[in-house]
Amino acid sequence: MAGVPHLSARDGRMKMAPRVRFAPSPTGALHVGGARTALFNWLFARHHGGAFILRIEDTDRSRSTEESIEEIKAALRWLGLDWDEYYRETERFPLYQEAAERLLAEGKAYESEGAWWFRVPRPGETVVRDLLLGDVAYDHELIKDFVIRRSDGSFTYNFACAVDDADLRITHVIRANEHLNNTPRQILVYQALGLEPPKFAHLPMVLSRERAKLSKRHGATSVFEYRDLGFLPEALLNFLVRLGWSHGDQEIFSKEEMIALFDLKDVNVSAAVFDEEKLLWLNQHYLKVGDPERLGELLRGFLVKRGIVPPEEADSIPLAKLAKAIELFRERSKTLLELAEKAAFIFGPPERLEYDPKGVGSFLTPEKGPLLEGLASELAGLDEHEFKAPRLEEATRAYLARTGHQLKEIAQPCRVALTGKTEGPGLFETMEALGKEATIVRLRRGLELIHQGQEA
RNA sequence: GUCCCCAUCGUCUAGAGGUCUAGGACGCCGGCCCUUCAAGCCGGGGACAGGGGUUCGAAUCCCCUUGGGGACGCCA
C-alpha cells in the first residue's frame with residue numbers, strides 16, 4: 001500500500017487519498033469537544049475517500065487507563081464514527097526510540113538529568129501554515145528546548161505525535177485550537193528528522209456555557225452522559241457538526257449529507273459555545289422522525305433506569321407498546337428520559353397511579369361523576385379489539401351527543417382519572433395505549449376520588 | 001506576566017467591498033389551531049465591540065484599543 005499513490009488522470013499529478021487521525025489521550029471519557037474533533041476528521045476522511053485513523057495517545061502511563069480507552073472506542077462507535085486503522089502509542093515504542101537516538105546522535109537532541117531534550121535551533125522562526133488560520137509565525141527565542149524522552153524512558157506527546165503522524169503518513173492534522181502552540185515544536189521535530197510535515201487545520205474550541213474550556217465542573221460534558229440523559233447519537237452528531245461548520249442556512253443534516261457536504265473551507269475560526277437548548281431541539285426533532293420501534297427499544301432501558309418498571313419485567317414489555325408510547329409522547333418530550341417519565345402511567349399497574357392533587361381538585365368534581373360513570377359503562381361495552389382511538393372517539397362522542405354534553409366537559413376529568421395529570425396526549429390515544437382494562441379501572445377509580453373529595 | 005488564536009442577535013451561524021434598512025436556526029414574546037400539554041403554522045423583539053484608516057463605497061481589507069478564549073509540564 002505505501003508508496004503507491006494513484007495518479008490523477010486529469011492533471012497527472014500525484015493525488016493521494018488523505019489520511020487523518022483522531023488522537024485522544026485516554027485519561028477520561030470522550031467529551032463533546034473531542035467528539036466534534038473526531039467528527040470533523042471522520043467527515044473529512046469519508047468525504048475524500050481517505051482513511052480515518054484512531055490513535056490512542058497513552059504515552060503517559062500513569063494517567064492513561066484501559067477503561068478510558070474502551071470508553072472512548074465505545075463512544076465513537078455509539079456515534080457511528082468508524083475508524084479504518086487503530087494504534088496505541090505505547091505499542092510503538094521502538095519507533096520513537098529509533099528516532100530519538102538519531103536526533104541524539106546528530107546532536108539535535110541532548111541528554112540532561114536523565115531526560116532527552118530537543119535542541120531548538122536559535123535564532124530562528126517556524127511558521128505554521130494553517131489551512132484555517134493562515135500563517136502563524138513563532139520566534140524560536142520563545143520556544144524552549146523540550147523533553148522528547150522522559151527520564152523513565154517514555155516519550156512525550158510533542159515528539160511521539162510528530163513521529164507517529166509521519167510514520168502513519170498522516171496528510172492532514174485536524175485538531176482543536178488548543179494545540180496550535182504545540183505545532184511549531186512538532187514541525188521542528190519533523191524537520192530535524194528530515195520529514196515533510198503534514199498540513200494543519202486547527203479547529204475553533206468548543207466552550208462551555210461559561211465560555212471556558214469544557215470541564216466536568218459544569219453539567220454534562222461527555223458523550224455518554226448525553227446518551228444516558230436520553231439524547232440520540234444522530235442529534236448529538238447534527239449538533240456538533242454545526243459547531244464551527246455550516247452549509248448556508250441548513251440546520252438538519254443526515255450523516256450522508258454531512259459527508260457529501262463537508263468541506264474545510266466552510267469551517268470557521270471562532271470558538272463556539274455548546275448550547276444545550278439547541279441540542280434539545282435537535283434531539284426532539286430526531287425523536288419525532290425516528291423509527292418508533294428502534295426508539296421504543298431504547299425507551300425500555302430508560303423505563304428501568306427511571307425505576308418505572310423493575311429490571312426483570314422490562315424484557316416482557318411488548319415492543320408494540322413501547323413503540324406506541326414513543327408515538328404518543330415524542331411531540332412532547334425533548335429526550336428519551338423525559339419521554340419515559342411522561343409515559344410512566346402507561347407502564348404501571350392499572351389500579352395504581354399517582355395523581356396530581358391540583359388536577360384532581362379542579363377536574364374530578366362532583367358534577368362530573370355521572371358523566372364519568374356513564375362513559376365508563378359505555379366503554380365497558382366495547383370489545384378489547386375495539387379499543388382503538390377512532391372507535392373510542394366515536395363511542396364517546398355518541399354517548400356525549402345522546403346525553404347532551406360536550407367533549408370539553410369531560411376531557412380533562414377523564415385525563416386526570418386515566419393519567420393522574422392535566423396534560424398529555426389526546427384522550428382517545430391515551431385510552432388506546434392504556435387498553436380496556438386500565439381505562440375502565442381508572443375511570444371508575446376517578447369516581448372514587450370524586451366521592452372522597454366530597455367527604456373531605 | 002509572556003506568547004498565540006478569536007470578535008455579526010442571549011446562543012449556533014449566513015455574509016468571501018456595493019445585492020445588508022444584515023438572512024436563517026435555537027431560545028424568548030404574542031397569535032392561530034385545539035379535549036389539555038405539546039407539536040405545527042403565523043407574527044414580534046433581538047447583532048456587525050469601540051476608534052482610526054484604505055476606498056466613490058466596509059459587517060466584509062489594515063491598524064490600535066477593548067473584550068473573550070487558549071498555551072506556557074519529564075500532561076496531552
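The values are calculated or read from the model by the stated rules, or taken from the named source; none is laboratory data. Keep in mind that this is a model prediction, so the values were computed, not measured. Ideal geometry is used to build each Cβ from the backbone, glycine not excepted, and the neighbour counts take in all protein chains shown. Side chains are part of the model used for accessible areas, which takes the heavy atoms of the whole protein and leaves out ligands, DNA and RNA. Shrake-Rupley method; radii C 1.70, N 1.55, O 1.52, S 1.80 Å.
Miscellaneous remarks
- Test: residue in region A:340-358 that is within 14 Å of RNA strand B (Cβ to nearest atom), of a type in the set (G, A, S) and part of a helix (DSSP H, G or I): no
- Filtering A:L295, A:L282 for residues that are closer than 28 Å to A:A323 by Cα, more than 8 Å from RNA strand B (Cβ to nearest atom) and in a helix (DSSP H, G or I) leaves a single hit, A:L295.
- Applying the criterion of being over 45 Å from the mean Cα position of the chain (by Cα) and of a type in the set (D, E) to the residues of region A:367-398, the residue that is farthest from A:G435 (Cα to Cα) is A:E367.
- Among residues of region A:195-216 that are under 25 Å from A:F44 (Cβ atoms), those with a Cβ under 8 angstrom from a residue that is near RNA strand B (Cβ under 8 Å from one of its atoms) and among the hydroxyl-bearing types (S, T, Y), sequence gap 6+ or separate chain, pair up as A:P204/A:S270.
- Selection status of A:D135, near RNA strand B (Cβ under 9 Å from one of its atoms) and open to solvent by 60 Å² or more (accessible area, probe 1.4 Å): yes
- Just one of the listed residues (A:E125, A:E85, A:E113, A:E89) is within 11 Å of RNA strand B (Cβ to nearest atom) and under 23 Å from A:P18 (Cα atoms), namely A:E89.
- Qualifying residue in region A:101-123 (condition: touching a residue at least 24 places away in the same chain (Cβ under 8 Å), out of contact with any Ser or Thr (no Cβ under 8 Å at 6 or more places or on another chain) and under 23 Å from A:P204 (Cα atoms)): no
- A search for C-beta distances below 8 Å between a residue of region A:254-272 that is under 17 Å from A:G33 (Cα atoms) and open to solvent by less than 40 Å² (accessible area, probe 1.4 Å) and any residue that is within 13 Å of RNA strand B (Cβ to nearest atom) and assigned to a helix (DSSP H, G or I), counting only pairs 6+ apart in sequence or on different chains, returns A:V267/A:F40.
- Enumeration of residues in region A:364-400 that are free of Cβ contacts under 8 Å to residues at least 60 places away in the same chain, in contact with a Gly (Cβ under 9 Å, 6 or more places away or on another chain), open to solvent by less than 60 Å² (accessible area, probe 1.4 Å) and part of a helix (DSSP H, G or I): A:A389, A:A395, A:Y399
- Of A:R119, A:R169, A:R149, all but one fail to be open to solvent by 10 Å² or more (accessible area, probe 1.4 Å), at pLDDT 95 or above, more than 30 Å from A:L336 (Cβ to Cβ) and within 11 Å of RNA strand B (Cβ to nearest atom); the exception is A:R149.
- Residues of region A:129-149 that turn out to be free of Cβ contacts under 8 Å to residues at least 60 places away in the same chain, in contact with an Asp or Glu (Cβ under 9 Å, 6 or more places away or on another chain) and among the basic types (K, R), as a count: 1
- The sole residue among A:L328, A:L339, A:L322 that is within 10 Å of A:L299 (Cα to Cα), in contact with a Ser or Thr (Cβ under 8 Å, 6 or more places away or on another chain) and in contact (Cβ under 8 Å) with a residue 24 or more places away in the chain is A:L339.
- Contacts under 6 angstrom Cβ, first residue in region A:152-171 being within 12 Å of A:P198 (Cβ to Cβ), partner open to solvent by less than 30 Å² (accessible area, probe 1.4 Å) and hydroxyl-bearing (S, T, Y), 6 or more apart: A:A162/A:Y190
- Only residues that are open to solvent by less than 20 Å² (accessible area, probe 1.4 Å), over 14 Å from the mean Cα position of the chain (by Cα) and more than 14 Å from RNA strand B (Cβ to nearest atom) were counted in region A:197-240, giving 1.
- Among residues of region A:172-196, those that are over 16 Å from A:A109 (Cα atoms), away from RNA strand B (no atom under 16 Å from the Cβ) and open to solvent by less than 40 Å² (accessible area, probe 1.4 Å), counted: 1
- Qualifying positions in region A:47-67 - under 23 Å from A:E256 (Cα atoms) and surrounded by fewer than 21 Cβ atoms within 10 Å (Cβ to Cβ): A:H47, A:H48, A:G49, A:G50, A:A51
- Against the numbered list (1) near RNA strand B (Cβ under 10 Å from one of its atoms); (2) open to solvent by 60 Å² or more (accessible area, probe 1.4 Å), A:E106 comes up short only at (1).
- Only residues that are crowded, with 19+ Cβ neighbours inside 10 Å and not in a helix (DSSP H, G or I) were counted across region A:152-166, and they come to 2.
- A:T422 fulfils the conditions (1) under 30 Å from A:L282 (Cβ atoms); (2) in a helix (DSSP H, G or I); (3) β-branched (V, I, T) except for a single criterion, (2).
- Candidate set from region A:302-330 (those that are within 20 Å of the chain's Cα centre (by Cα) and closer than 26 Å to A:I252 by Cβ); member that is surrounded by the most Cβ atoms within 10 Å (Cβ to Cβ): A:I326
- Number of positions in region A:393-442 that are of a type in the set (A, V, I, L, M), over 20 Å from A:P349 (Cα atoms) and within 8 Å of RNA strand B (Cβ to nearest atom): 2
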